[in-house]
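The block underneath contains the structure these notes are about, expressed in structure tokens.
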Amino acid sequence: MLITVYTGDWNEDAAPNSRWATRISVDLADKAGCSLMDWSQADLNGITMFTPLNRNDVLNTEYAPQLWACVDAILMKESRLEHMHQ
């Protein structure tokens, strides 16, 4: 499963450099886990509303623990994903 976490200032007048998005691959099989994903060049070419964050933009930053807390909350509390935890 691929999820995208959008963070930052998403008010109508906010600048793209104050909005971020990070992609996470989620494996719910026997070796369950999550991995940060890079955006493809095709995706990057079409993004204008936010700043896409790649793996190296997140790793070893102050943002990383916040991102993983968001991912944990999504996976634990998002009712639309309940069928995937079985």
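When the Gaussian network model of the chain links Cα atoms closer than 10 Å, the mean-square fluctuations of Thr51, Thr61, Thr22 top out at Thr61. Label positions at Leu2 and Leu28, each projected 7 Å from the Cα along the C-beta direction, are separated by 1.8 nm.
I'd like the Karplus ³J(HN,Hα) series for the stretch 50-58: coefficients 6.51, -1.76, 1.60, θ = phi - 60°, whole numbers in Hz, and an x wherever there's a Gly or Pro. Taking θ as phi minus 60°, the curve returns 8, 9, x, 9, 8, 3, 6, 6, 9 Hz for the stretch 50-58. Rounded to the nearest 10 degrees, what's the angle between the helix 63-77 long axis and the longest principal axis of the chain, both from Cα atoms, 0 to 90? Approximately 50 degrees, to the nearest 10.
Here the spin labels are modelled as points 7 Å beyond Cα on the Cα-Cβ line, and at Ala73 and Ile47 they lie 2.1 nm apart.
Heavy-atom accessible surface of the stretch 17-86, averaged per residue, reaches 70 Å², computed with a 1.4 Å probe.
Structural descriptor for the chain: relative contact order 25 percent, calculated from alpha carbon pairs under 8 angstrom and at least 6 residues apart. With the simple model of a label 7 Å out from the Cα in the direction of the Cβ, Ser18 to Tyr63 spans 1.6 nm. Of the residues Ala29, Ala69, Ala14, the one that moves most in a GNM of the chain with alpha-carbon contacts below 10 Å is Ala29.
The values are calculated or read from the model by the stated rules, or taken from the named source; none is laboratory data. Computed from a predicted structure; not experimentally measured. As a convention, Cβ positions derive from the backbone with ideal geometry for all residues, glycine included, and neighbour counts pool all protein chains shown. Note: accessible area is taken over every heavy atom of the protein model, side chains too, but ligands, DNA and RNA are not part of it. Shrake-Rupley method; radii C 1.70, N 1.55, O 1.52, S 1.80 Å.
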